[in-house]
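Participant: Next up is a structure, given as structure tokens.
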Amino acid sequence: MSTIGSNVLNSVNGSAAAQAAAAASKSDGADLQDSFMTLLVTQLKNQDPMNPMENAEMTSQLAQINTVSGISELNSTLEGITGQLDAGQAMQAAGLIGSGVLVPGNRVLVGEDGSTTPFGVELEQAADEVQITVRNDSGEVVRRFEPFAMDAGSESFTWNGEMDSGEEAPKGSYTVSVEASADGEPLEVVNLNYAMVSGVSLDDNGAPLLDLGGVSEQVSLGDIRQIL
């Protein structure tokens, strides 16, 4: 838990660093604006008296100065917002520690007492027929559910651990495959499996990654489909 707190604090500190960078960017923008003004004044002093700078040309150069200044201020604002978002995401991720989530994957676990982990299905559009099949580690079908209709989105399901034979499935890891169709045409399906969030770390860009305790690789907040 102390490691997680450290990561979150680092993210918050990263926000302070982003603010410092924004201040530096603002300073650079001011320096660039001063340089523009110096060049403009020098140009006015050294212009040809017989061919002075036209009003339109001067106005154009002043507009360029304002544009550079505006872009610098916009960049500073965006950097500050980015730092706040990163810190907020880190805090949100830390709050998920100890929670069960559904993330992309096709594994379901059966315990010694016959208990099973939940699994899920995600569809981009509604299906009039969804077929779920459970296989053991040898690829043999142990349970095939009755087809059913499903709306677009993600749903979680629980297998009671009973095989088609009526016997209880042995303890172990099983895979779930899902086929879906609408009007006879196959649909794209995303399989989801259950995992417990055990920790949080940050990637090279400061974005939070969730440690799922070895069930799968680290995932981002965007990979979570449901919190159970």
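Participant: Residue 159 versus (1) touching a Lys or Arg at 6+ places or on another chain (Cβ under 9 Å); (2) of a type outside the set (Val, Ile, Thr); (3) modelled with pLDDT under 95: which is the lone unmet condition?
Facilitator: The failed condition is (3).
Participant: Now for a separate question. Step by step: first the residues of segment 178-189, then only those that are surrounded by 11 or more Cβ atoms within 10 Å (Cβ to Cβ) and within 25 Å of the chain's Cα centre (by Cα), then the one that is farthest from residue 156 (Cα to Cα). Which residue is that?
Facilitator: The qualifying residue farthest from residue 156 (Cα to Cα) is 187.
Participant: Just name the residue that is surrounded by the fewest Cβ atoms within 10 Å (Cβ to Cβ) out of those in segment 145-157 that are farther than 14 Å from residue 178 by Cα and of a type outside the set (A, V, I, L, M, F, W, C).
Facilitator: Ranking the candidates gives 151 first.
Participant: Out of everything in segment 197-225 that is surrounded by fewer than 17 Cβ atoms within 10 Å (Cβ to Cβ) and in contact with a Gly (Cβ under 7 Å, 6 or more places away or on another chain), what residue ends up being modelled with the highest pLDDT?
Facilitator: The residue in question is 198.
Participant: Does residue 109 count as under 26 Å from residue 209 (Cα atoms) and either part of a loop (DSSP other than H, G, I, E, B) or not assigned by TED's automatic domain parsing to the domain that holds residue 222 (or both)?
Facilitator: Taking the combined requirement at face value, the residue does not satisfy it.
Participant: Also, I was wondering about something else. Only one of these conditions is not met by residue 86: (1) modelled with pLDDT of 95 or more; (2) among the acidic types (Asp, Glu); (3) surrounded by 13 or more Cβ atoms within 10 Å (Cβ to Cβ). Which number is it?
Facilitator: (1)
The values are calculated or read from the model by the stated rules, or taken from the named source; none is laboratory data. No experiment lies behind these values; they were computed from the predicted model shown. Every residue, glycine as well, gets a Cβ built from its backbone with ideal geometry; the counts of neighbours run over all protein chains shown.
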